[in-house]
Structure formats: structure tokens, C-alpha cells
Amino acid sequence: MKKILLTFTLLLSLITAMAQDRYIIFLKDKANSPFSISNPSEYLSARAIARKTRMAIVIDSLDIPVNPSYIAAIRNTGAIVLNKSKWLNTITIQADTAQAIAIGNLSYVKRYKKVFGTNVHKTSINKFPEENIVNPSNKIDSSKYGNAWNQTKMLHADFLHQSGFTGSTMQIAIIDAGFRNTNTHTAFDSLRAKNQIIGTWNFTDNTSFVYDYSNHGTSVLSCIGANVPDTMIGMAPDAKFYLLKTEEEATEYIVEEYNWAAAAEYADSAGADIINSSLGYTEYDAASQSYTYADMNGSTAPITIAADIAVDKGVLVVNSAGNSGSDAWFYIGAPADGKNVLSVGAVDPTKLIAGFSSNGPTSDGRTKPDVVAQGGPAWIAKANTGSFGFGSGTSFSGPIIAGFSACAFELFKIQYPGANPLQFKAWMKEHADNSLNPNNQYGWGLPNGRKLYDVLGINHLNKSKITLYPNPVKDFCQFNLDKTQKANITIYSSTGSKMQQLDLYSENGNFKLETANFNPGLYVIKIQTEHTVYSMTFLKTNSEK
């Protein structure tokens, strides 16, 4: 009898769960909120506030969290609160029909919308299929980058690395479908040893566990953060990472866009500098939720609206253009259509556009993608085998650009400490290899780390007319200016903050700079004389004192 009762109870629970759907609750306001614009430390991290302050971004009502009293009242109906979006002022819930109707009658609820998302077998296409193909050249490069050398050299990212820009001051949030075996794969031994994974959250299950579900995010992360010399070095191996899961594995419904918005807000509030999203949305299991090309206008899809807000809030959003270039729908998806989003197409190892790479323009006539990188194929970590191999897709050209951007943004902030993502995006596009003739396949083209370095007037240490030594530096460093007797010195941190400015004098052109009081890290020194300005990096290590 006890067994029969237990079976009946389980069956009843299953029927109840199956009767519940997911809904988006649209709220009218944030009235009577306990949070205020004047006290942002209650809902934004110190790093997020510092980033906004540096970029002169005003904290406004969008930053205020969803009213907690509204959330509590919705929970009181018996509904399960899944996610919240302060930017869209929405709450995602799981509820039955009666609960949804009760919530819809609350005075502060504008409307509600069923978005499904549970207990339905997926029927739609895979957005970004990974395609295993053989390396066209069958050549393993002898450099420390292994088979990632071509995708690195194509952007001259190795030059940025050699110049000290490896993403060490940057935080990157990766929004994806799952990160299977990232906690054990050898590609990420260095990330784990140095505690570079600083946060995880699963927005579909409301847990911190993300190390399963999908191989996709693991391969995406490797394009940025892998660090296995002679096998694979990612684009920003010293960056720190948030790993955020937003995809529902079994279904494809618009609820995933609201999961994504919640994850983007998490990234912004934590203080992340960059979001990488190798996801895109055009077609759903429910045809009524699917988009038309007309919707790819930068202002329709909720995910696109959230992505553009993230950029306004100071986070660079890098999104794959899509893999539909050879399909009937060959255009980009959402949120790659965003006005602020840096959307990325894919080229093959010879720099020709990959046939699968989705095309622009947006339906309102804007050129997309913005830039391209190698994605047909790229060298990646394979979660299912614990090894490395090749995979094709803008899923991989996207994070290659995200990692490159982390290093290039470090460089850009030295010259322009208050630069925001839109200024950085414009600068990178202006100096890409197709900037004079952007089009809807190649965009502005391939960024160039060496060119970006040179256009800022920073002379690479090995090729400048002066020598700074020793480097790395401990208590002091010296340089010679060929009998110049006076030099104005300005020292910046790698984040662009001015650390010190002073005048030095010398009778014979040999100058000495005390550095004992500097914290360990990467610095840029600008040396201005009567005739010219020199700039170079130096690395400060622990003082001998």
C-alpha cells in the first residue's frame, strides 16, 4: 500500500509540474523600492561602480533592482520565481494557469505572457552547430600557441601578448549553454590554479553548477582562456571569467532571451568588462515566438534590447553573427543585430569569408557583422574528449574577438582611461583591414593588434629609440635619452589610471626612476622631451626592500 501511495504521489507531482508553464511578468514600475540611485553599493559591486565612474556613465532607474515586494507577492501566489530583469523590469516565473491569472490581476503588473520552456521536446534547428573538420594544412605550428597560432597571428594578438597585454586586468562573462568538463579539462589547468574563474551561475536551474549540460561553452571559453603552452594559448589567457548558463537544453523558447538578460545584468553588476555570447535567436519551437527578418532591426528582440543596454552601462558585448550564411535565412540573428553590439563573422585560415557566416545588413539598413576572425575552422578544446581539435562556427570567431578585445581594450585605456565600449568598438573597426570598404559579409574586417598599438604612438620596447632597464623592474629603472637633460615622466597603470607625474633632470642623459613604492603589475611610462614623446611598458615585480 505504501508503495502504491508513493507512486501515486509522484505521479500527481509530475502531472502538476507538467501543468505549469513559464511566463514573463511585465511590471509597471519600480515604485516604493527600498533601493535608491544615491546608494548604488547596495546593488552594484565596487568594481562596477568604479567602471561606470571612469566612463562617466550615470547610474539611473534601470540600475535599480526589481521591487522585492513585488517579487514576494508573486511568490505568495505559489508561483516559482526563476529570474528577474531590472533593465526590462520583468520577472520570469513557473506557474499554473490560475496562478498566472492571479498575478496578472496585481495592480503593479502591466501584462503577462506565456513563454513555455518546460516539458516540450525540442524540434527547432541547432543555432550554432559545431562542425569537426580536418585542418586544411595538417601543419602543427612550432610556436607556443600550437594549432591556435594561425587564429592568433591573423589578428596580431601575439604582438599584444608580447607587449604585456594578456587580459590580466579584464573580467569577461561568458553566457552560454553549459561548460561541460571545464572543471577538469587540461585546457583550463592554469585558470583553475590561478583562480581565474571568479563566478558561476546557472540561470535555468538557479544553481551555481555550470560544468555539464553542453560542450559548447567549454570550447568557447578555450578560445579566450586556454593556457597550455605548445598546444593552445587563448586570446586573453590572464583574464578572469564569469561562466553563466542561460540555455534550456531540451527546448527553444523566448524565455531564454530573458535568462540572457538576467545574466547580462549579473555581469554588469559584478563589474565585468566584456560579455561574450556565442548565441543567436531567430526561430523557436513555438512559431508565434519566431522572428522575421524585419525584426532584426536592433530594437525588437528582448535579448537585443538587453544587450544594447549592457553596452550603455559600460560592458562591451561581443556576439557571434550566426551560422546561417548558406541557409534560406542567411542573415544575422538576435542579439547580433544590436546597435551597440560588436557582432562577429567568421573567415577561414586564408582570411576568406566562411560560407556559413551569417550576413547583414540589419533590416533597418546597418552594416553587419562589425568584424571577423578565424572560425572556419578554429582550434578549440573538446569537452567530450578532454582533448583539442578543430571546430567551425562564428561561435568560435566571436570569443576569439572577445579575447582579443580584452587585450586591446587594456591598451586603449592607457591612452584613453575613460574610454567606453562604443569608443573602443569604433577605434577597433577604424583600424581593421576592411575599414575603407565595409560590407555585409566581412564587415570592417580583421582587427590588427600591431596596428592598434602603433596608432596610439606607443613604441614597442625592442624597437624604440631608448632603452629602459632592468625590465622587469624592482626598486628602480633607468633609461638614456642621448644627452637630453630634462624629461617629463607620466606613469599609468594598465587600467589607464595616472599613477605619477614628475620632471626628471640629468647632466648626461641617464635618468633613474624610483619604483619601490609601486605595486607589482604592468605599467606604461610616457617620456616627453623637448623634441618627442616615447611610450613603453614595464613590469613591476616585488620590491627587494
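The values are calculated or read from the model by the stated rules, or taken from the named source; none is laboratory data. A quick note: this is a predicted structure, and the numbers were derived from the prediction, not measured. Here Cβ is always computed from backbone atoms with ideal geometry, including for glycine, and neighbour counts include all displayed protein chains.
Residue count for the stretch 347-372 under the criterion of being touching a Phe, Trp or Tyr at 6+ places or on another chain (Cβ under 7 Å) and outside any loop (DSSP other than H, G, I, E, B): the result is 4.
May I ask you to list the residues in the stretch 331-353 that are surrounded by fewer than 24 Cβ atoms within 10 Å (Cβ to Cβ) and closer than 18 Å to Ala301 by Cβ? Correct list: Tyr331, Lys339, Asn340. Just a yes or no: is a residue in the stretch 501-519 surrounded by fewer than 16 Cβ atoms within 10 Å (Cβ to Cβ) and of a type in the set (Ser, Thr, Tyr)? Yes, that holds for at least one residue.
Exactly one residue out of Asn323, Asn319 is modelled with pLDDT of 95 or more, under 30 Å from Thr53 (Cβ atoms) and buried (at least 24 other Cβ atoms within 10 Å of the Cβ), and it is Asn319. Annotation: Gly225 fulfils all but one of (1) modelled with pLDDT of 95 or more; (2) surrounded by 24 or more Cβ atoms within 10 Å (Cβ to Cβ); (3) of a type outside the set (Ser, Thr, Tyr); (4) farther than 20 Å from Ser397 by Cβ; the unmet one is (4). Taken residue by residue, the stretch 125-138 has at least one member that is small (Gly, Ala, Ser), assigned to a loop (DSSP other than H, G, I, E, B) and at pLDDT below 95.
Identify, by number, the condition in (1) at pLDDT 85 or above; (2) surrounded by 14 or more Cβ atoms within 10 Å (Cβ to Cβ); (3) hydrophobic (A, V, I, L, M, F, W, C); (4) over 29 Å from the mean Cα position of the chain (by Cα) that Leu446 doesn't meet. Just one mismatch for Leu446, condition (4). Within the stretch 333-361, being in contact with a helix residue (DSSP H, G or I) (Cβ under 9 Å, 6 or more places away or on another chain) and of a type in the set (Ser, Thr, Tyr) holds for Ser343, Ser357, Ser358. Against the criterion of being over 23 Å from Lys245 (Cβ atoms), more than 20 Å from the chain's Cα centre (by Cα), of a type in the set (Val, Ile, Thr) and not in a strand (DSSP E or B), Val58 qualifies. Here the stretch 196-213 is the region considered, the condition is being outside any strand (DSSP E or B) and under 18 Å from the mean Cα position of the chain (by Cα), and the residue that is nearest to Ala236 (Cα to Cα) is Gln196.
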